[in-house]
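Q: Here it is, the structure in full.
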Amino acid sequence: TRRGNPRLVGSGGENSYRAHWLVGTLGEGAGNESVAFQQYRVGLYARSAFEPSVVSLLKHRFPEDAMRQLAYDLAALARREPKYLEPVFYYLLLHGKVDVGRRILETHAMNSVARRLFGERLVAFSPARDGGHGHVQPGVCLTGPLFVHSSLARINRELAATLLESRTICACLEPHGFATRRHSEFARWETLEIGLMRRSPVMQLTIRHHWPPNFRRPLQGRLAVILPWEYGAVPRRWIEGIRRSVDEVWVPSAFVRRVLVEGGAPAERVRVVPNGVDTSVFRPEGPRSKLAGAKGFVFLFVGGAIPRKGVDLLAKAYCRAFSSRDDVTLVVKEIGSSTFYRHMSLVKELRGGRRNGPHLEVLSDEVDDESLAALYRAADAFVLPYRAEGFAMPVAEAMACGKPVIVTAAGPAPEFVPGELGYWVPARRVLVPEPAPPLGALAGDFTWFEPDVDALAARLREVYENRVEAARRGAAGSEHIRHTLAWQRIGRLYLDRVEALVSTGAGEETDDAACAVRASTGEAGALGGHIFETEAQ
């Protein structure tokens with residue numbers, strides 16, 4: 001793709017566009033949407049445009065950052081080659097690019113019928129329009145990462161499916177960041193793709209759940225922000241953004257709510273909606289991972305191998321509680337050491353310090369939900385002695401899989417781990433001995449919790465020596481999670497908040513055909529089957 005090959009016929013411009021399209025197709029097949037976007041985009045600049053690249057681009061819903069320039073490139077394409085005008089126009093509306101659509105309407109030559117139809121659709125999707133829309137249901141848009149392996153994306157996928165299955169709203173999805181995995185790797189991916197390829201003309205609520213958080217007021221409707229946070233104080237500018245622009249903040253624990261309210265957030269706007277667990281995946285029954293080399297009793301840690309998660313405390317307590325003679329293994333399933341935690345990961349220290357102590361294994365391979373559940377089931381107990389957490393999702397997942405859990409007795413975990421079902425490790429609140437994240441001044445002291453290492457070692461030994469009682473607590477904990485944090489219940493809590501925030505239309509079933517601008521693929525159409533269906537058509 002970078003230089004012509006004289007041994008290939010047509011290896012100049014024409015061949016390079018084909019090569020870029022092929023690399024984009026390979027990237028898409030591997031789940032790397034960023035590569036697909038960059039490579040397909042090259043075909044727009046050919047004269048004439050390389051049609052397979054255009055078709056491939058228009059089949060994707062891209063994040064806002066990627067669409068800023070692409071929108072103008074597509075508008076220029078529609079001006080040069082009129083056959084792309086209609087699909088490009090509706091594609092821009094799908095991404096909320098009403099201003100670029102208006103520019104097309106004002107500058108492109110078209111017949112009166114087309115101008116009238118485009119004008120009607122433009123008015124319908126303009127945030128500044130007046131008047132109602134009859135039977136069209138209130139639109140709710142969820143913005144956040146979806147097709148990546150992370151706890152945040154897992155929550156978004158479950159929430160998205162809940163919204164899309166509701167018949168009282170018209171739900172649509174907007175990605176934040178590029179997908180890093182194939183869509184088909186995830187449950188209900190086809191439903192999620194439908195949500196990505198439609199947009200409501202009546203956008204009454206925007207829900208944002210991504211990092212960093214965005215408190216900017218949407219052009220239309222109300223705003224809810226799902227906000228995880230781990231420390232004892234939040235940035236002041238977050239409080240200012242919430243007070244100025246956010247109708248509700250949804251936090252995963254009462255701990256996070258206290259931190260926000262103490263920092264100055266209006267208490268009536270901060271609602272607790274715990275994270276849910278997919279109990280059809282995370283359950284005691286099912287396959288177990290084969291842990292090569294593991295000894296008789298297995299402790300499992302899942303999370304970033306960073307100080308905030310307490311993995312250094314765990315390694316220290318583990319070496320105090322056991323020796324190399326004990327029939328025990330600690331498995332650290334670390335996450336993010338090559339990506340978002342790469343500058344703070346302790347993986348090297350963990351691997352380098354295990355030679356003379358009790359057996360310790362570090363796993364770094366990326367896993368899907370089913371594989372993670374199999375890993376939980378293969379362990380005898382789960383341990384997460386965090387210093388700071390907003391919810392501690394792996395704790396709930398391990399409990400759902402029937403495992404006894406050892407957790408910090410402060411912060412969010414005690415809210416869903418009753419003392420009689422888990423093993424608490426006492427901790428005290430202390431100042432964090434490292435700089436705060438570069439998010440501006442905090443609305444309070446920068447604190448976290450420091451678990452007691454000796455108490456943690458004692459808890460590890462207690463679980464190891466009293467396995468029958470530990471197994472009993474694990475089984476009871478699984479039932480507890482199934483009745484309190486299963487997604488069926490948590491999804492209903494989210495829908496309650498959505499229905500409280502949308503002002504009209506709740507209670508009536510959605511006519512999906514009139515719900516939104518929708519994209520679908522088929523055999524007909526001028527662009528290889530790419531058809532945009534609208535109410536007007």
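The values are calculated or read from the model by the stated rules, or taken from the named source; none is laboratory data. All figures in this text were calculated on a predicted structure; none of them were measured in a lab. Virtual Cβ from ideal backbone geometry, glycine too; neighbours counted across all protein chains shown. Accessible surface areas use protein heavy atoms only, side chains included; no ligands, DNA or RNA. Shrake-Rupley method; radii C 1.70, N 1.55, O 1.52, S 1.80 Å.
The rows are residues; the columns are (1) surrounded by fewer than 21 Cβ atoms within 10 Å (Cβ to Cβ); (2) over 19 Å from the mean Cα position of the chain (by Cα); (3) at pLDDT 95 or above; (4) not aliphatic (A, V, I, L, M).
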residue: ARG188; (1), (2), (3), (4): yes, no, no, yes
residue: LEU205; (1), (2), (3), (4): no, no, yes, no
residue: HIS209; (1), (2), (3), (4): no, no, yes, yes
residue: PHE215; (1), (2), (3), (4): yes, no, yes, yes
residue: ILE226; (1), (2), (3), (4): no, no, yes, no
residue: ARG236; (1), (2), (3), (4): yes, yes, yes, yes
residue: GLU240; (1), (2), (3), (4): yes, yes, yes, yes
residue: VAL246; (1), (2), (3), (4): no, yes, yes, no
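Q: Continuing with the same structure: List the residue pairs whose Cβ atoms are under 7 Å apart, where the first residue sits in segment 449-460 and is within 21 Å of LEU431 (Cβ to Cβ) and open to solvent by 10 Å² or more (accessible area, probe 1.4 Å), the second is in a strand (DSSP E or B) and basic (Lys, Arg), and the two are 6 or more positions apart or on different chains.
A: That search, which allows pairs on different chains as well, returns PHE449/ARG428; PHE449/ARG429; GLU450/ARG428.
Q: Say we look at segment 260-279 and pick out the residues that are assigned to a helix (DSSP H, G or I) and of a type in the set (A, V, I, L, M); which of these is farthest from PRO394 (Cα to Cα)? Can you show your working first?
A: Within segment 260-279, the first condition is being assigned to a helix (DSSP H, G or I), and the residues that meet it are 260-263, 267-269.
Restricting the remaining residues to those that are of a type in the set (A, V, I, L, M) gives 260-261, 267.
Working: LEU260: 23, VAL261: 26, ALA267: 28 Å.
Checked segment 260-279; the qualifying residue farthest from PRO394 (Cα to Cα) is ALA267.
Q: Counting just the residues of segment 415-431 that are touching a Pro at 6+ places or on another chain (Cβ under 9 Å) and assigned to a loop (DSSP other than H, G, I, E, B), which one comes out most open to solvent (accessible area, probe 1.4 Å)?
A: That would be PRO426.
Q: Does ASP326 fit the bill of being farther than 30 Å from ALA160 by Cβ and either open to solvent by 40 Å² or more (accessible area, probe 1.4 Å) or free of Cβ contacts under 8 Å to residues at least 12 places away in the same chain (or both)? Steps first, please.
A: Values: farther than 30 Å from ALA160 by Cβ: yes; either open to solvent by 40 Å² or more (accessible area, probe 1.4 Å) or free of Cβ contacts under 8 Å to residues at least 12 places away in the same chain (or both): no.
So ASP326 does not fit the description; no.
Q: Since ALA373 meets every condition but one in (1) assigned to a helix (DSSP H, G or I); (2) surrounded by fewer than 18 Cβ atoms within 10 Å (Cβ to Cβ); (3) under 28 Å from the mean Cα position of the chain (by Cα), which condition does it not meet?
A: Against the list (1) assigned to a helix (DSSP H, G or I); (2) surrounded by fewer than 18 Cβ atoms within 10 Å (Cβ to Cβ); (3) under 28 Å from the mean Cα position of the chain (by Cα), ALA373 comes up short only on (2).
Q: Would you mind stating whether ASP326 is closer than 24 Å to ASP454 by Cβ, at pLDDT 90 or above and not in a helix (DSSP H, G or I)? Let's see the steps before the verdict.
A: Values: closer than 24 Å to ASP454 by Cβ: yes; at pLDDT 90 or above: yes; not in a helix (DSSP H, G or I): yes.
Spelling it out, ASP326 is indeed closer than 24 Å to ASP454 by Cβ, at pLDDT 90 or above and not in a helix (DSSP H, G or I).
Q: Scan segment 261-272 and report the pairs whose first residue is in contact (Cβ under 8 Å) with a residue 60 or more places away in the chain and whose second residue is assigned to a loop (DSSP other than H, G, I, E, B), with Cβ atoms within less than 7 Å and a gap of 6+ or a chain change.
A: From segment 261-272, the pairs are GLU262/GLY444; GLY263/ALA233; GLY263/VAL234; GLY263/ALA443; GLY263/GLY444; GLY264/ALA443.
Let's see how each residue does on (1) buried (at least 19 other Cβ atoms within 10 Å of the Cβ); (2) basic (Lys, Arg); (3) within 13 Å of THR206 (Cα to Cα); (4) within 8 Å of the chain's Cα centre (by Cα):
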position	(1), (2), (3), (4)
CYS141	yes, no, yes, no
GLY144	yes, no, yes, yes
GLU165	no, no, no, no
CYS170	yes, no, yes, no
GLU174	yes, no, yes, no
THR180	no, no, no, no
SER184	no, no, no, no
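Q: Given the residues ALA124, ALA76, ALA109, ALA114, which is the only one that is within 21 Å of THR206 (Cβ to Cβ), surrounded by fewer than 21 Cβ atoms within 10 Å (Cβ to Cβ) and of a type in the set (Gly, Ala, Ser)?
A: Numbers: ALA76 fails: within 21 Å of THR206 (Cβ to Cβ); ALA109 fails: within 21 Å of THR206 (Cβ to Cβ); ALA114 fails: within 21 Å of THR206 (Cβ to Cβ).
The match here is ALA124.
Q: Out of segment 469-502, which residues are of a type in the set (Val, Ile, Thr), part of a helix (DSSP H, G or I) and either touching a strand residue (DSSP E or B) at 6+ places or on another chain (Cβ under 8 Å) or open to solvent by less than 30 Å² (accessible area, probe 1.4 Å) (or both)? Give the steps one after another, and end with the answer.
A: Kept after step one, since they are of a type in the set (Val, Ile, Thr), are these residues of segment 469-502: 481, 484, 490, 498, 502.
Still in the list and also part of a helix (DSSP H, G or I): 481, 484, 490, 498.
Of everything in segment 469-502, those that are of a type in the set (Val, Ile, Thr), part of a helix (DSSP H, G or I) and either touching a strand residue (DSSP E or B) at 6+ places or on another chain (Cβ under 8 Å) or open to solvent by less than 30 Å² (accessible area, probe 1.4 Å) (or both) turn out to be ILE481, ILE490, VAL498.
Q: Now for a different question. Do any helices (runs of 4 or more DSSP H) entirely within segment 19-105 hold 2 or more residues that are in contact with a helix residue (DSSP H, G or I) (Cβ under 7 Å, 6 or more places away or on another chain) and closer than 22 Å to PHE186 by Cβ, and if so, which?
A: Working: elements: 33-42, 51-58, 64-80, 85-94.
Ranges flagged: 33-42.
Q: Can you name the number of the only condition in (1) open to solvent by 40 Å² or more (accessible area, probe 1.4 Å); (2) touching a residue at least 24 places away in the same chain (Cβ under 8 Å) that MET197 fails?
A: Looking at each condition in turn, MET197 falls short on (1).
Q: Assuming ALA436 fulfils every condition listed in (1) assigned to a helix (DSSP H, G or I); (2) open to solvent by 10 Å² or more (accessible area, probe 1.4 Å) apart from one, which condition is it?
A: Of (1) assigned to a helix (DSSP H, G or I); (2) open to solvent by 10 Å² or more (accessible area, probe 1.4 Å), only one is false for ALA436: (1).
Q: Turning to a different aspect of this structure: Assuming GLU268 fulfils every condition listed in (1) surrounded by 17 or more Cβ atoms within 10 Å (Cβ to Cβ); (2) at pLDDT 95 or above apart from one, which condition is it?
A: Of everything listed in (1) surrounded by 17 or more Cβ atoms within 10 Å (Cβ to Cβ); (2) at pLDDT 95 or above, GLU268 misses just condition (1).
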